[in-house]
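Participant: Here you go, one structure.
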Amino acid sequence: MSKKVRVRFAPSPTGGLHLGGVRTVLYNYLFAKKHDGDFLVRIEDTDQSRYVPGAEEYIFDTLKWCGLEPDESVLHGGNYGPYRQSERKASHRQYAEQLVKDGYAYYAFDTPEDLEKMRQDFKTEQNPSPQYDHTIRMKMRNSLTLPPDETEKLLAEGTRHVIRIKMPEHETVSFTDMIRGEVSFDTSLVDDKVLLKADGMPTYHLAVVVDDFLMKISHAFRGEEWLPSAPVHILLWKYLFGLENMPQWAHFPLILGPNGKLSKRDGAKYGFPVFAMNWTDPKTNELTEGFKEKGFLPEAFINLLALLGWNDGTEQEIFSKEDLVEKFSMERVHSAGAKFDYEKAKWFNHEWIKKSITYSLQPTVKALLSQHGIIVNNDILLDKVIGLVKDRCTLLPDFVQQSSFFFKAPETLDVDAVKPKWSETKQLFFAELTRNYELATDWNTLTLENNFKEIAAVNDLKPGELMLPFRIMLVGGKFGPGVFDIAEVLGRSETIERISKAIKLFA
RNA sequence: GGCCCGUUCGUCUAAGGGCUAGGACACCACCCUUUCACGGUGGUGAUACGGGUUCGAAUCCCGUACGGGCUACCA
């Protein structure tokens, strides 16, 4: 039941899942599946003040859409719950107390005002943001500076306090990152991070270590922004559970926007989505567009995300989820950040639409068309249409423009494209074509085209000059598949009707 | 400021001491197509800079510059 590889993804329910977040899940998922391990999701909801209602559900919806459903989570059960960090409160406190007892941590009674004062007092030009570290902890109000009986008294009275880790003064902490190799830190430069907050909730630092231990996590992967706090986590593992039980770490590079770190704002600013799915912040009512709603296929989305910072060493770029599981390797993940390129993202989607089987696109296209007032009940027809137009659709909504005219005569025709070159002979040609099509024994692309060209030849007209008008008659504009293909799908009566109506319009 | 991570075409990247630094997106040209696309062929375009090590460096080492992250009782 418990497998060798257990990885977990731990989002905080404070907003939508952006590109970097989804890529982190993806890589976690791929690694777990590749090694036939378990993929867990734990929710980091220990910060009540930043908790956003609905965000947790949103996260699971996103995972579902991407096809990255966890084996164990709040929703999926399992043997290592609870999967909401806030539900582990008691257990976390106990570990923090243990650290104090062992001399690796201490109680601190400083109020927020005290901390603010400290930052002001010790601020210099060389050090604009002084930390609560070994150089100043002996100047603060904590169980290191207070006499033991006073500490006891304060605790007994229920004075608000936190528990901080006591960073060693001069030690080098190092670990091997699966992507970066050996990374080391001087502990004297790291501050005494809060482990347990005044409200009894653990901070991420304590929670990630305790939970990973309890959940028997073998590999812990997260974004590069966590690298600076890694020494704290390494030390906690050493103090609490032993380094030999510590998971292997990997820190993924960041995904960058056009101007540095990719932000929510970049989406609106540069016109591309940054979240997997639409996310409306209930606090501000601000909408951040999603790839799903923009018209991306989930397969394309995870494909493009996977390739943003990883490749298999060959020239292959299109990977299905199964391919990715098979080919993925942590060693080939880049260490440098990758700038997101929307043009390339769209290319991936285009490739996936082209390679999609027509019937798999049916429900999506049907829904899209019905949003535009076109109800399709002929699946065979729809299938033909999708097959005809999918090569020219980059985003899913392109299907609307590319295929509505098959189901509904165009409301306006691009008359200007025809009129300047319209003539009596051309009008006569189309009248004759109509009669011919009415009587044609076969109704297929080939016959339609042959008859068309024959009549043109008889009337001493170049087919080329007639194709555009014909297209405008059927489609309304200068786009779409081959005209005779369109006519075939449209059927005899519809084709003839559109020609007749248009002739009057052009005259 | 300090600490950490990073630096190959505009962008994503290949090449982990050895032939003209390869591919993809985008862009340009041509072909195909009497629409728009798809497709095909070709083109422009990169090893941040300076030192080492070496017969030989994009690749290893050092420095500089630049970019990013962290520096909360947020994750």
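The values are calculated or read from the model by the stated rules, or taken from the named source; none is laboratory data. Because the structure is a prediction, the values reported are computed rather than measured. Cβ placement follows ideal geometry from the backbone for every residue including glycine, while neighbour counts extend to all protein chains displayed. SASA here: full protein model, heavy atoms, side chains in, ligands and nucleic acids out. Shrake-Rupley method; radii C 1.70, N 1.55, O 1.52, S 1.80 Å.
Participant: Mind checking whether some residue in segment A:411-424 is surrounded by 14 or more Cβ atoms within 10 Å (Cβ to Cβ), near RNA strand B (Cβ under 10 Å from one of its atoms), over 30 Å from A:TRP347 (Cα atoms) and not small (Gly, Ala, Ser)?
Facilitator: no
Participant: Hey, could you check segment A:313-361 for residues that are more than 12 Å from RNA strand B (Cβ to nearest atom) and part of a loop (DSSP other than H, G, I, E, B) and say which is farthest from the chain's Cα centre (by Cα)?
Facilitator: A:ILE357
Participant: Checking A:ASN436 against (1) in contact (Cβ under 8 Å) with a residue 12 or more places away in the chain; (2) assigned to a helix (DSSP H, G or I); (3) within 13 Å of RNA strand B (Cβ to nearest atom); (4) not aromatic (Phe, Trp, Tyr): exactly one of these is not met. Which one?
Facilitator: (3)
Participant: Just to verify a result, which residue in segment A:181-240, among those that are aromatic (Phe, Trp, Tyr) and assigned to a strand (DSSP E or B), is modelled with the highest pLDDT?
Facilitator: Checking each candidate, the answer is A:PHE221.
Participant: In contact (Cβ under 8 Å) with a residue 60 or more places away in the chain, under 27 Å from A:GLY223 (Cα atoms), in contact with a helix residue (DSSP H, G or I) (Cβ under 6 Å, 6 or more places away or on another chain) and not hydroxyl-bearing (Ser, Thr, Tyr), is that true of A:VAL190?
Facilitator: Considered against the rule, which asks whether it is in contact (Cβ under 8 Å) with a residue 60 or more places away in the chain, under 27 Å from A:GLY223 (Cα atoms), in contact with a helix residue (DSSP H, G or I) (Cβ under 6 Å, 6 or more places away or on another chain) and not hydroxyl-bearing (Ser, Thr, Tyr), A:VAL190 comes out as no.
Participant: Moving on to the next point. From (1) over 48 Å from the mean Cα position of the chain (by Cα); (2) buried (at least 19 other Cβ atoms within 10 Å of the Cβ); (3) part of a loop (DSSP other than H, G, I, E, B); (4) not hydrophobic (A, V, I, L, M, F, W, C), pick out the condition that doesn't hold for A:ASP442.
Facilitator: (2)
Participant: Can you pull out the residues in segment A:241-255 that are aliphatic (A, V, I, L, M) and part of a loop (DSSP other than H, G, I, E, B)?
Facilitator: A:MET246, A:LEU254, listed by residue number.
Participant: Any idea which of A:TYR95, A:TYR132, A:TYR80 is surrounded by 20 or more Cβ atoms within 10 Å (Cβ to Cβ) and more than 10 Å from RNA strand B (Cβ to nearest atom)?
Facilitator: A:TYR95
Participant: Still on this structure, I have one more. Mind listing whichever residues of segment A:460-499 are more than 13 Å from RNA strand B (Cβ to nearest atom) and either over 43 Å from the mean Cα position of the chain (by Cα) or without any contact (Cβ under 8 Å) to a residue 24 or more places away in the chain (or both)?
Facilitator: A:ARG492, A:SER493, A:GLU494, A:THR495, A:ILE496, A:GLU497, A:ARG498, A:ILE499
Participant: Right, next: What are the residue pairs meeting all of these: first residue in segment A:9-22, first residue farther than 16 Å from A:GLU286 by Cβ, second residue among the aromatic types (Phe, Trp, Tyr) and open to solvent by less than 30 Å² (accessible area, probe 1.4 Å), Cβ atoms under 7 Å, and 6 or more apart or on different chains?
Facilitator: Matching pairs, first to second residue: A:LEU19/A:PHE340.
Participant: To continue, here is another question. What number of residues within segment A:270-296 are of a type in the set (D, E, K, R) and either more than 16 Å from A:ALA345 (Cβ to Cβ) or crowded, with 23+ Cβ neighbours inside 10 Å (or both)?
Facilitator: Taking segment A:270-296 first, the residues of a type in the set (D, E, K, R) are A:281, A:283, A:286, A:289, A:292-294.
When the remaining residues are screened for being either more than 16 Å from A:ALA345 (Cβ to Cβ) or crowded, with 23+ Cβ neighbours inside 10 Å (or both), the result is A:281, A:283, A:286.
Residues that pass the stated criteria total 3.
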